[in-house]
Amino acid sequence: MVRGACPHDCPDTCALRITVQDGRAVKVQGDPDHPPTHGALCTKVSRYAERTYHAERVLTPLKRVGAKGVGSFVPVSWDEALRDIAGRLRAIAARDPQAIVPYSYAGTMGLVQGESMAARFFNKLGASRLDRTICSSAGGEALVATYGAKIGMHVEHYARSKLILVWGSNSIASNLHFWTFAQEAKRSGAKLICIDPRKTETADKCHQHIGLLPGTDGALALGIMHELIVNDWLDHDYIARHTEGWMKLRERALGWPPERAAATCGIGADEVRSLARDYGTIRPAAIRLNYGMQRVRGGGNAARLVAILPCLVGAWRDAAGGMLLSSSGWFNSVRNDSGLQRPDLLGARRPRIINMSTIGDDLLRESDAQLPDRARFGPKIEALLVYNSNPVAVAPESPKVVQGFRREDLFTVVLEHFLTDTADHADYVLPATTQLEHLDVHLSYGHTYAMMNEAAIAPLGQARSNAQIFRDLARHMGFDEPCFADSDEELARCALHHNVDFAALRERGWVKLTLPDAPFADGGFATPSRKCIIDSPQFGVPDHVPNYESAESSPELARSYPLAMISPPARNFLNSTFVNVKSLRDIEGKPVLEMHVNDALARGIVSGQRVRIFNQRGSTQCTAVVSPRARPGVVNGLGIWWRKLGVDGTNVNEVTHQRLTDIGRAPSFYDCLVEVAPLPDTLPRHTAA
């Protein structure tokens, strides 16, 4: 048995036990001794061996021989690939190294196979820096502005809560181990309320579902505050001693009676009143906030408003009260980013920053000589090195992303397990190891345990770890600093400060941070004043910020495209990961669009019919499912399918846009207006009995 950790972008960061027979991994299980995992895995990761041994794994370096996007390659040796890549990068760097851009995110959350040797490589090169915003930066920066860091409750303590607001989270699909603690609380008499535009599988299991319109979470929080004030359900002592700026927000909240909040959110005023009553009177009360709600224009302000709620009622006084959006800030005292990533290799250089969420626009920008604003942007992007990400599928406004990746003058290298949509556009595809084949160290954003992942099997074929690939590239580039010779084990040891016992971590597979059970019972937030900051020096007092695209903010656009679309992940996929695992894709069936019966009837659409989803940016096709999971006026395009496995070679990002959130420079995936139309001759055919 080999100890491991789940590498995926999920708050659970499960501890794994991998059974190996004759050098082959035959079973991947959850560690029963790890408190958050307690032996259980999601359907996706329990089939991780199927992904590792997938017949379509890329196991040798590949060089493109066909047109970009076709996916036509021939195998080449590592030496040939690395020599050519290094030569191309040296030539570009000689003109301006900022024309080279790394593109990565959380295909693995590991510190070693994520941004360790890769960061050293790009820092030494002087390449553009990447602003990694695509998932959580709006909520994350909002939490830092409010609490001083991304910190919150211990997930295990939800089992003792008496009220749990599951806010913007389909926990059964995306936070399974929190859900087991919530179910334990439910069995002990706790009330569970789900707040989500979609009636998710999680909502089915809660006592109440509040199906608000996308992008109105801040208005709902203000409506709750109004009721807390007028009914005096406030903890005045906690507010006075442990918050800054409450009186300004109090004045604002008094302008949001239940009727106003309800009208904005598209729900009933009594729903606002009863929710506020429950939150103001039931103890201990806990909120599990997730990142879906911050993927709109006002997502940062909304996250700040929700984060303030536990301070108003003194929920933090109890270990089973408070809120959790992310726990990653608790690890700030143990992670060694500067030692791992070596920003000192930049010297005095300060390369530009490219936002990964606007890569579609940025790849299409021209040279300085052709556009007068180039001095602010810098050189045209000439090379992309993509790892741990699939931007052609996942980045917003994919028509522009695809157009950019198809540029013949763009040199693209992709480190991958499979020929994804992005890999199909690469000049070189380099075979990367999976989690079972390499060493790594993991932290978490859903619990407070550091994790170790040991290599369970030897790399398949010619696959190499991300760290090894960048180590090899550095050698071919002539980088001779000793840090480029550090092994994966040396990187793992470097990833954590000495206050973590590395030997104990390796022996057990995980170690828990030493933290108080109720970390903010007496204030003590991570802000300079140790108080919850309501009136932020940077952002002011939070408010409801309407969507870019809504009947409220853009009525003319809404007349042409009257339906709001959200694109939450399909239950058996994780972003675009696992889409090509046949057993999981068979469960999902095909790309679907959930519609409320009223919206479907108005358009002559029935379940099983192929439909076209479109707006001014593009269109995509899905199969309609008339379902109570969709609320009136909102359609749910479950994603994220690989484009080439979609109905018409596209996916839902064909219609999303690249406009950014109010805080955190993040994408507004769920701030999107569309229209839906039936396609002729696509009704399901039934054979008569």
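The values are calculated or read from the model by the stated rules, or taken from the named source; none is laboratory data. Note that the structure is a prediction, hence the values are computed from the model and not measured. Heads up, the Cβs are rebuilt from the backbone with ideal geometry, glycines too, and the neighbour counts pull from every protein chain shown. For the accessible areas, the whole protein counts, side chains as well, though only heavy atoms, and no ligand, DNA or RNA atoms are used. Shrake-Rupley method; radii C 1.70, N 1.55, O 1.52, S 1.80 Å.
Within straight-line reach of Lys124, meaning a Cα separation under 29 Å, sit the following lysines at least 8 residues removed in sequence or on another chain: Lys63, Lys380. Estimated at 0.36 nm per residue, the fully extended path between Val74 and Asn336 surpasses their Cα-Cα distance by 90.3 nm. With the Kirkwood sum run over all distinct C-alpha pairs, the range 555-689 has a hydrodynamic radius of 15.4 Å.
Look at the alpha carbon pairs under 8 Å that are at least 6 residues apart: their mean separation over the length of the range 69-186 gives a relative contact order of 17 percent. Radius of gyration (Cα atoms) of the range 470-591, expressed as a multiple of 2.2 N^0.38 Å: 1.83. For the range 1-75, the fraction of C-alpha pairs farther apart than 17 angstrom is 56 percent. What separates the Cα centres of the range 212-258 and the range 98-141 is a distance of 37 Å.
With a 1.4 Å probe and every protein chain left in place, work out the accessible area per residue of the chain in Å², rounded to a whole number.
Per residue, the chain has an accessible area of 35 Å².
Computed packing ranks the peptides 379-388, 41-50, 88-97 as 379-388, 41-50, 88-97, most packed first, by mean other Cβ atoms within 10 Å. What is the distance, in nm, between label points placed 7 Å from the Cα along the Cα-to-Cβ direction at Ser487 and at Asn499? Taking the simple label geometry, Ser487 and Asn499 are separated by 2.9 nm.
Taking every DSSP bridge with both residues inside the chain, close to 45 percent are antiparallel.
The H on the amide N of Val166, modeled in the peptide plane, is under 5 Å from the matching H of Ile193, Cys194, Ile195, Arg288, each at least 5 residues off or on a different chain. Extending 7 Å from Cα along the Cβ direction at Ala94 and again at Asp586 yields two label points whose distance is 5.4 nm. Per the Cα gyration tensor, the chain maps to an equivalent ellipsoid with semi-axes of 38, 31, 26 Å, ordered largest to smallest. Taking every Cα-Cα distance in the range 127-270 and sorting them into 5 Å bins starting at zero, the pair-distance distribution P(r) comes out as 2, 8, 13, 17, 20, 20, 13, 5, 2, 1, 0, 0 percent.
Going highest first, how would you order 579-590, 666-677 by mean Cβ packing within 10 Å?
Working: 579-590: 15.6, 666-677: 24.5.
Peptide ranking by packing, descending: 666-677, 579-590.
Which parts of the range 338-366 would a label at Leu557 reach, counting a residue when its backbone N lies under 19 Å from a point 7 Å out along Cα-to-Cβ? Residues 357-362 qualify, since their backbone N sits under 19 Å from the label point. Taking amide H as placed 1.01 Å from N in the peptide plane, the amide H of Ser536 sits under 5 Å from that of Val541, each at least 5 places away or on another chain. For Ala5, the amide hydrogen comes within under 5 Å of the amide hydrogens of Leu16, Glu454, counting only partners 5 or more places away or on other chains and with H modelled in the peptide plane.
Give me the percent of Cα-Cα pairs in the range 211-260 that sit more than 12 Å apart, rounded to a whole number. Mind dumping the intermediate values first?
Values: 801 of 1225 pairs.
Summing the P(r) tail past 12 Å for the range 211-260 gives 65 percent.
Highest average first, the peptides 67-73, 213-219 ordered by how many other beta carbon atoms sit within 10 Å of their residues are 213-219, 67-73.
Ignoring lysines fewer than eight residues from Lys205 along the same chain, the ones with Cα atoms less than 26 angstrom from its Cα are Lys44, Lys162, Lys186, Lys191, Lys590.
Seen from all directions on average, the range 609-689 presents a Cα convex hull projection of 7.5 nm².
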